1. Applying the selection to the stretch 81-111, what residues are in contact with a Ser or Thr (Cβ under 7 Å, 6 or more places away or on another chain) and under 27 Å from Ser170 (Cβ atoms)?
2. Can you tell which of Ala253, Ala202, Ala214 is closer than 15 Å to Gln153 by Cα and small (Gly, Ala, Ser)?
3. For the stretch 229-238, give me each residue that is out of contact with any Pro (no Cβ under 6 Å at 6 or more places or on another chain) and either touching a residue at least 60 places away in the same chain (Cβ under 8 Å) or surrounded by 13 or more Cβ atoms within 10 Å (Cβ to Cβ) (or both).
4. Consider the stretch 242-262. How many of its residues are loosely packed, with under 15 Cβ neighbours inside 10 Å and in contact (Cβ under 8 Å) with a residue 24 or more places away in the chain?
5. Considering the stretch 98-149 alone, what residues qualify as being among the charged types (D, E, K, R), outside any strand (DSSP E or B) and closer than 24 Å to Ala27 by Cβ?
6. Restricting to the stretch 16-48, what's the tally of residues that are more than 17 Å from Val196 (Cβ to Cβ) and modelled with pLDDT under 95?
7. Contact list please: Cβ distance under 6 Å, first residue in the stretch 60-80 and in a loop (DSSP other than H, G, I, E, B), second residue polar (S, T, N, Q), pairs at least six apart or on different chains.
8. Which of the residues that make up the stretch 152-162 are assigned to a helix (DSSP H, G or I) and either more than 18 Å from the chain's Cα centre (by Cα) or among the hydrophobic types (A, V, I, L, M, F, W, C) (or both)?
Amino acid sequence: MVEPQIRYDDGATYERYMGDWTRLAGAVFLDWLNPAPGLQWIDIGCGTGAFTELLIERCAPAEVQGVDPSDAQLAFARTRPGARLAQFQQGGAEALPFAERRFDAAVMALVIFFVPDPAKGVAEMVRVVRPGGTIAAYAWDMLGGGFPHEPIQVEMRAMGRNPPLPPSSSAARMEALRNLWTGAGLDAIETREIIVERTFDAFDDFWKICLLGASIRPIVANMDSADVESLKARVRARLPVDATGRVTCSARANAIKGRVPK
């Protein structure tokens, strides 16, 4: 049996699915980085440009280059008014299309667990950043229950349905991130947890957003209606609901930063 793959080839759908979560965690991440203005950045795995736009809004960069393997997501990123400063091009994290020492900072926002060889991806970040520059990333702690839609995934697993995980999910654990940054020879390594919350007007809003996910949608589509209703009831019971029916859920990401040795 072929394992299902997680692919996001629709920029608008991915934006609805993960855009708000990206911005919530990304704001905390950028505050923690506290970079100087006027830097040259590369945003690796920029996707729909949600984090790229946030970077431009909050950090006053001189330049931002966004790289992603998906043409569809890049097409969406180019439509963002707040990301006009950025230039977007197709490319993979393991072979960045830039010369050595080209940037002041390299970031991966919710990306490292999709990189087939995370160590190679980090080595590429180091290659394209100048001595003294910053190498940083944050990623949902997929194996530690930190994914925003963990409530639905845990109930799917309990029902014998196993949504696929990103291929390098273990790389997002804090110890693994430390090992990657240490192995790349970086200095001044620091880590932190990022915990964010998002409130939905009703459970059905949360459910509809979950069903946009490439790891969840095809499984639910193949379930019979009785099992779908059972799944919804189980998930609803896991989530806190206030007096007005609003649902609040949380997510946890692991973040890391380091400096290229001078």
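1. Listed by number, the residues that qualify are Ala105, Ala109, Leu110.
2. Details: Ala253 fails: closer than 15 Å to Gln153 by Cα; Ala202 fails: closer than 15 Å to Gln153 by Cα.
Being closer than 15 Å to Gln153 by Cα and small (Gly, Ala, Ser) holds for just one of Ala253, Ala202, Ala214, which is Ala214.
3. As a first pass, look at the stretch 229-238 and keep what is out of contact with any Pro (no Cβ under 6 Å at 6 or more places or on another chain): 229-234, 236-237.
Residues satisfying the conditions are Ser230, Leu231, Lys232, Arg234, Arg236.
4. Kept after step one, since they are loosely packed, with under 15 Cβ neighbours inside 10 Å, are these residues of the stretch 242-262: 242-245, 248, 250, 261-262.
The next check asks that each one be in contact (Cβ under 8 Å) with a residue 24 or more places away in the chain; those that pass are 245, 248, 250, 261-262.
Qualifying residue count, the stretch 242-262: 5.
5. Initial filter on the stretch 98-149 (among the charged types (D, E, K, R)): 100-102, 104, 117, 120, 124, 127, 130, 141.
In the following step, the residues that additionally are outside any strand (DSSP E or B) were identified as 100-102, 117, 120, 124, 127, 141.
Once the filter is applied, which keeps residues that are among the charged types (D, E, K, R), outside any strand (DSSP E or B) and closer than 24 Å to Ala27 by Cβ, the stretch 98-149 yields only Asp141.
6. Residues of the stretch 16-48 more than 17 Å from Val196 (Cβ to Cβ): 16, 34-48.
Subset that is modelled with pLDDT under 95: 16, 47-48.
The qualifying residues number 3.
7. Ala62/Gln40
8. Filtering the stretch 152-162 for residues assigned to a helix (DSSP H, G or I) gives 152-158.
Passing the criteria: Ile152, Val154, Glu155, Met156, Arg157, Ala158.
The values are calculated or read from the model by the stated rules, or taken from the named source; none is laboratory data. The structure displayed is predicted, hence computed values, not measured ones. All Cβ positions, even for glycine, are placed from backbone atoms using ideal geometry, and neighbour counts span all protein chains on display.
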